[in-house]
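Heads up: the structure comes next, in C-alpha cells.
Bear in mind these aren't lab numbers, they're just calculated from the coordinates by the rules spelled out. Note that the structure is a prediction, hence the values are computed from the model and not measured. When we count neighbours, we look across all protein chains shown, and the Cβ atoms used for this are built from the backbone with ideal geometry, even at glycine.
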Amino acid sequence: MAQLYFYYSAMNAGKSTSLLQSAHNYREQGMQVSLYTAAIDDRYGRGFIRSRIGLQENALLFDADTGFLSAIREQHQAGSLSCVLIDEAQFLSRSQVDELARVVDDLDIPVLCFGIRTDFQGEMFPGSSRLLAIADKLQELKTVCTCGRKATMTVRLDASGQAVAAGAQVEIGGNDRYVSKCRRHYRQLMDAAANPVSIS
C-alpha cells in the first residue's frame, strides 16, 4: 500500500542525496519515477536536483500554481509511475501537500517528500507543517553541529558570515548562507544577532 513520507532535517543533512539514491533504487528495478523540485531554488540552474556531493538529476519544477494530482495522474496514465519524489518540500503549500496525499490515496503511488522542518527563525514552513501533520511516515535525516551534537536548527548568515535574526522566511542559499547548529548554539548565535555589541 502506498504511503506519504516526509524526510526532514536541518540544512546540509543529505536530503537531496537521499532523494537521488531513492530514485536510483526504483529505476534499478525497472520502475518509473517522477522527480520535482521548487522553481524558486535556482542555485544549480532550473530543473535540476543536485546534491552537495555532486549527484544530479533532471526534475520537473513546482511553484504555487502547480496542481500535483492532475499532473501526476497524467504522467501515471502515460507511463505507470511507481514513485513521486519531491525535493525542497518545505516550499509546498498546505493544499499541495493535501494533493500529494490524494496521489497516495487515490492513485496508490508512494510520495517521498524531502525538506527542511523549520526556517532560520525556528518557525515552521507551511509545507513542512502540513507534512508533519498528515504524512504516514516521518523520518529525520541527521546532521551535526560544530560541537558534535545533533544539529536541528538552521542559522542564516549575512555576507560577512554573521548570524541573521530577522528577514524574509525564504531566501535561497547554500553553505555560504546557512549552517546547521544544535539548539544551544543556535540560541547563542540568535541572541548575539538580535543584540549586537556596538563598538564606539
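Values for this structure:
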{"quantity": "Residue match in segment 180-189 (condition: loosely packed, with under 13 Cβ neighbours inside 10 Å, small (Gly, Ala, Ser) and outside any loop (DSSP other than H, G, I, E, B))", "calculated": "no"}
{"quantity": "Scope segment 102-118; condition surrounded by 20 or more Cβ atoms within 10 Å (Cβ to Cβ) and either within 25 Å of Tyr178 (Cα to Cα) or not β-branched (Val, Ile, Thr) (or both); matching residues", "calculated": "Pro110, Leu112, Cys113, Phe114, Gly115, Ile116, Arg117"}
{"quantity": "Evaluation of Gly79 against (1) under 22 Å from Leu20 (Cβ atoms); (2) over 11 Å from the mean Cα position of the chain (by Cα); (3) crowded, with 16+ Cβ neighbours inside 10 Å (one fails), failing number", "calculated": "(3)"}
{"quantity": "Members of segment 1-25 found to be assigned to a helix (DSSP H, G or I) and surrounded by fewer than 17 Cβ atoms within 10 Å (Cβ to Cβ), listed by number", "calculated": "Gln21, His24, Asn25"}
{"quantity": "Residues within segment 26-36 that are in contact (Cβ under 8 Å) with a residue 12 or more places away in the chain and part of a helix (DSSP H, G or I), tallied", "calculated": "1"}
{"quantity": "Subset of segment 61-107 [outside any strand (DSSP E or B) and closer than 18 Å to Gly30 by Cα]", "calculated": "Gln75, His76, Gln77, Ala78, Gly79, Ser80"}
